[in-house]
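> Encoded as structure tokens, here's the structure I'll be asking about.
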Amino acid sequence: MMGGKLGTLFARAGHEVVFSYARNPKKLKRLARDAAGNAQAGTPREAAQEADALLLAVHWSRIKDVLNQAGDLSRKVIVSCSLPMNADDTKFVVAHTSSGAEALAKMIPKARVVAAFNTVPSEVLFDVYKAKRKASRPSLVYCGDNRSGKALAATLIREVGFDPLDAGPLRIARCMEPFTLLVGQLAYEGKGGPELAYRFERFGK
């Protein structure tokens, strides 16, 4: 759902978007049709060939399958929104001393990995963006170690209606990933959801 919603935002912002990974190919075609603009359906390899950036927003259990299908991703900018959860979404599969973004960077060391968090795509946000465009815009936190990759990610983030907020190096993701889960749960469950709190012992330097 996250990939579908963010892909739609990018398409409506005027970018060429290829929806390229789903269990059912018909779903990709439907996403492309509903997104309108310059959106189309394709395979991960087709999406990766000419892409300026790849948005990776699939379940962690499918990461390796996507990478295998995409082929050579050397020097490609990969914006990751995938959290390292197990198949049942009950716990992290990466220790607190690391993060999904760092693990992804090790899987594809020649790629330029950027982690983007607090992306909670929901239908309600479309109206929020319309109201925010004339005032302050919602922020989206991102982090990474590659300067050129982060510059491209910041441009894309800005063009779809967020103010990009650079949180620093990739290791910051180990603090942001659990916080993002809380943001997502609060956004979808609202006032009827649980009371949640997250404490940062240390953020950055």
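> Would it be correct to say that Val114 is modelled with pLDDT of 95 or more and within 24 Å of Ser61 (Cα to Cα)?
yes
> Quick test of your reading of the structure: Leu67 fulfils all but one of (1) out of contact with any Gly (no Cβ under 6 Å at 6 or more places or on another chain); (2) outside any helix (DSSP H, G or I); (3) in contact (Cβ under 8 Å) with a residue 24 or more places away in the chain. Name the failing condition by number.
Looking at each condition in turn, Leu67 falls short on (2).
> In segment 21-78, how many are touching a Phe, Trp or Tyr at 6+ places or on another chain (Cβ under 7 Å) and either over 24 Å from Tyr142 (Cα atoms) or not β-branched (Val, Ile, Thr) (or both)?
The total comes to 6.
> Give me the pairs, please: first residue somewhere in segment 22-42 and over 13 Å from Gly3 (Cβ atoms), second residue anywhere and surrounded by fewer than 16 Cβ atoms within 10 Å (Cβ to Cβ), beta-carbon distance under 6 Å, and either six or more positions apart or on two chains.
Close Cβ pairs (under 6 Å, with a partner that is surrounded by fewer than 16 Cβ atoms within 10 Å (Cβ to Cβ)) amount to Asn38/Glu16.
> Another one. Is it the case, given these coordinates, that Pro164 is open to solvent by 10 Å² or more (accessible area, probe 1.4 Å) and within 14 Å of the chain's Cα centre (by Cα)?
Taking the combined requirement at face value, the residue satisfies it.
> Within the group Ala101, Ala87, Ala51, which residue is surrounded by 15 or more Cβ atoms within 10 Å (Cβ to Cβ), in contact with a helix residue (DSSP H, G or I) (Cβ under 6 Å, 6 or more places away or on another chain) and among the small types (Gly, Ala, Ser)?
So the residue among Ala101, Ala87, Ala51 that is surrounded by 15 or more Cβ atoms within 10 Å (Cβ to Cβ), in contact with a helix residue (DSSP H, G or I) (Cβ under 6 Å, 6 or more places away or on another chain) and among the small types (Gly, Ala, Ser) is Ala101.
> Could you check how many residues of segment 72-84 are open to solvent by 30 Å² or more (accessible area, probe 1.4 Å) and either farther than 18 Å from Ala153 by Cβ or basic (Lys, Arg) (or both)?
3
> List the number of the failed condition for Lys106; all other conditions in (1) at pLDDT 90 or above; (2) outside any loop (DSSP other than H, G, I, E, B); (3) surrounded by 15 or more Cβ atoms within 10 Å (Cβ to Cβ) hold.
(3)
> Restricting segment 6-24 to residues that are assigned to a helix (DSSP H, G or I) and crowded, with 19+ Cβ neighbours inside 10 Å, which is nearest to the chain's Cα centre (by Cα)?
Out of the qualifying residues, it is Leu6.
> So for segment 129-138 (the condition being at pLDDT 70 or above and either surrounded by 19 or more Cβ atoms within 10 Å (Cβ to Cβ) or within 17 Å of the chain's Cα centre (by Cα) (or both)), does at least one residue qualify?
yes
> Here is a follow-up. Would you call Lys27 more than 29 Å from Pro109 (Cα to Cα) and part of a helix (DSSP H, G or I)?
Yes, satisfied.
The values are calculated or read from the model by the stated rules, or taken from the named source; none is laboratory data. All figures in this text were calculated on a predicted structure; none of them were measured in a lab. Glycine gets a Cβ as well: all are built from the backbone with ideal geometry, and neighbour counts include every protein chain shown. To get the accessible areas, we keep the full protein, side chains included, count just its heavy atoms, and leave off ligands, DNA and RNA. Shrake-Rupley method; radii C 1.70, N 1.55, O 1.52, S 1.80 Å.
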